[in-house]
1. Would segment 119-129 turn up any residue that is over 27 Å from Gln224 (Cβ atoms) and either charged (D, E, K, R) or touching a Leu at 6+ places or on another chain (Cβ under 6 Å) (or both)?
2. If you check Leu319 against the conditions, is it modelled with pLDDT under 85, over 30 Å from Lys180 (Cβ atoms), surrounded by 14 or more Cβ atoms within 10 Å (Cβ to Cβ) and not assigned by TED's automatic domain parsing to the domain that holds Thr260?
3. Would you mind finding the one in Ala136, Ala143 that is closer than 22 Å to Glu76 by Cβ, surrounded by fewer than 22 Cβ atoms within 10 Å (Cβ to Cβ) and touching a residue at least 40 places away in the same chain (Cβ under 8 Å)?
4. Inside segment 122-150, can you point out the residues that are under 18 Å from Val209 (Cβ atoms) and in contact with a strand residue (DSSP E or B) (Cβ under 8 Å, 6 or more places away or on another chain)?
5. Give the residues of segment 115-140 that are of a type in the set (S, T, N, Q) and more than 21 Å from Ile170 (Cα to Cα), sorted by residue number.
6. With respect to Arg106, determine if the residue is farther than 23 Å from Phe246 by Cα, touching a Leu at 6+ places or on another chain (Cβ under 8 Å) and surrounded by fewer than 21 Cβ atoms within 10 Å (Cβ to Cβ).
7. Among all residue pairs at least 6 apart or on different chains, which show Cβ distances below 6 Å where the first residue, located in segment 111-126, is in contact (Cβ under 8 Å) with a residue 24 or more places away in the chain and within 16 Å of Asp96 (Cβ to Cβ) and the second is assigned to a strand (DSSP E or B) and among the polar types (S, T, N, Q)?
8. Report the residue count in segment 346-356 for those that are part of a helix (DSSP H, G or I) and either outside the structural domain of Phe296 (by TED's automatic domain parsing) or surrounded by 18 or more Cβ atoms within 10 Å (Cβ to Cβ) (or both).
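The values are calculated or read from the model by the stated rules, or taken from the named source; none is laboratory data. All values reported here derive from a predicted model rather than from experimental measurement. Ideal geometry is used to build each Cβ from the backbone, glycine not excepted, and the neighbour counts take in all protein chains shown.
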Amino acid sequence: MIEFFQNTLSEITIIQWAVLVAFGVLFLFRVGYRIFFSLRILIQPKTKPASGDKVPMSLLFTVRNEEENLKRNLPEILKLKNADFEVITIDDFSQDSSLSVLGVMRQEDERIHVSSLNQETRNSVKMAQNIALKAAKNDWVMALPVSVSGFGPEWLSRIGELAGGSYSFIVNYSNVAGAKGFYNRLFRVETFLQQYKSAGFYRVGLPFVYSENNVAFRKEIYFQSGGYGQKVKEAYANLELIMNSFFRKKNTCLHLQAETAVWQTVKISKDDYFELLNKSIRIESYLSFTKKMILFFDEITRLLFIPVFILVIVLLPELWIVYSVLAGLLCFLQLLIIKIILNRLNERKLFLSSLVYDLLMPFFRVYYRWYFKQRSRKHKWKSKI
């Protein structure tokens with residue numbers, strides 16, 4: 001066997017050597033990334049034990065034409081036991097009966113506080129959040145969509161316990177509930193993989209998030225940052241912009257567990273899915289140079305691995321078994337990590353679709369990132385005119 005490999009390697013051309021070396025470099029980078037970033041997500045660091053001391057929380061809801069969701073979901077949140085919290089709702093110029101529904105609920109439960117924007121305005125979500133943060137009585141706050149309908153009985157209680165430590169941020173899992181539809185599945189997988197990716201960055205001391213949902217934080221951080229400032233015109237991201245500027249591993253608790261996870265019941269359309277992609281691109285554009293470079297090398301090596309794998313088999317078929325074993329090892333490592341994390345989160349029916357999506361997405365993302373930037377440039381050019 002050794003003699004066979006020696007004879008094969010001694011006869012290969014410069015081009016074959018170049019492709020073989022390229023495959024080796026890509027393989028080592030992919031394995032290194034999986035071990036250094038992804039595999040470390042499985043480490044379960046000790047969190048603050050339940051002591052009975054629960055930090056009171058202010059839940060922030062920006063509401064726009066959410067009459068049905070308010071009637072269906074808000075009462076369920078108010079039924080939560082063993083948690084000290086208030087609900088701050090800002091009606092964002094709803095055209096339905098959302099404000100009236102909130103008024104009735106306010107009379108029935110004094111924990112609900114209601115305010116509103118009385119006209120259509122640009123950047124209204126950020127303005128509404130600013131009002132909500134100023135109105136919050138508690139030191140810890142958390143932004144949530146009113147479509148949140150799935151959560152465990154200890155969801156808020158457990159987050160309150162974790163907030164009692166030395167942290168400034170408690171990052172928890174959130175996604176949409178499973179439903180029929182192609183774009184619902186795409187949205188769910190993309191959301192899961194975004195949080196899976198950011199969790200890896202957290203483990204190596206470079207934390208950031210793609211979504212503000214279900215992330216508890218000290219409200220003083222928002223005011224220390226001066227609010228949104230120049231970022232108020234950002235169309236796709238909101239509190240994520242503030243959070244990502246202040247995240248540090250020492251002040252952040254990543255808690256990817258089903259007990260603190262939430263799910264939204266919402267119909268997902270094609271536009272919703274592409275808005276999710278747009279948001280991730282914009283959030284990445286605000287990250288530090290180090291994070292951007294790691295994200296770039298992760299994406300480019302994933303993009304190149306399959307073509308180079310195919311090319312090396314075509315040019316050096318004699319060694320196909322070696323390449324297949326190495327590629328299989330890489331695939332198995334990814335499969336194992338994703339399966340364990342999905343089990344922790346009690347996420348169902350995302351396993352195979354996550355693997356396939358993660359394999360094919362780099363090719364689409366390169367095109368879509370280019371398309372998004374071109375469209376953004378055209379929009380800026382038209383706005384100047």
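1. Residues of segment 119-129 over 27 Å from Gln224 (Cβ atoms): 119-120.
In the following step, the residues that additionally are either charged (D, E, K, R) or touching a Leu at 6+ places or on another chain (Cβ under 6 Å) (or both) were identified as 120.
So far as segment 119-129 goes, yes, one or more of its residues are over 27 Å from Gln224 (Cβ atoms) and either charged (D, E, K, R) or touching a Leu at 6+ places or on another chain (Cβ under 6 Å) (or both).
2. Working: modelled with pLDDT under 85: yes; over 30 Å from Lys180 (Cβ atoms): yes; surrounded by 14 or more Cβ atoms within 10 Å (Cβ to Cβ): yes; not assigned by TED's automatic domain parsing to the domain that holds Thr260: yes.
Against the criterion (modelled with pLDDT under 85, over 30 Å from Lys180 (Cβ atoms), surrounded by 14 or more Cβ atoms within 10 Å (Cβ to Cβ) and not assigned by TED's automatic domain parsing to the domain that holds Thr260), Leu319 qualifies.
3. Ala136
4. From segment 122-150, those under 18 Å from Val209 (Cβ atoms) are 125-126, 129, 133, 140-145, 148; that's our starting set.
Residues satisfying the conditions are Val125, Gln129, Leu133, Trp140, Val141, Met142, Ala143, Leu144, Pro145, Val148.
5. Just the residues of segment 115-140 that are of a type in the set (S, T, N, Q), to begin with: 115-116, 118-119, 121, 123-124, 129-130, 138.
Within segment 115-140, Ser115, Ser116, Asn118, Gln119, Thr121, Asn123, Ser124 meet the criteria.
6. no
7. Val114/Thr89
8. At the first step, the residues of segment 346-356 found to be part of a helix (DSSP H, G or I) are 351-356.
Those still in the list that are either outside the structural domain of Phe296 (by TED's automatic domain parsing) or surrounded by 18 or more Cβ atoms within 10 Å (Cβ to Cβ) (or both) too: 354.
Qualifying residue count, segment 346-356: 1.
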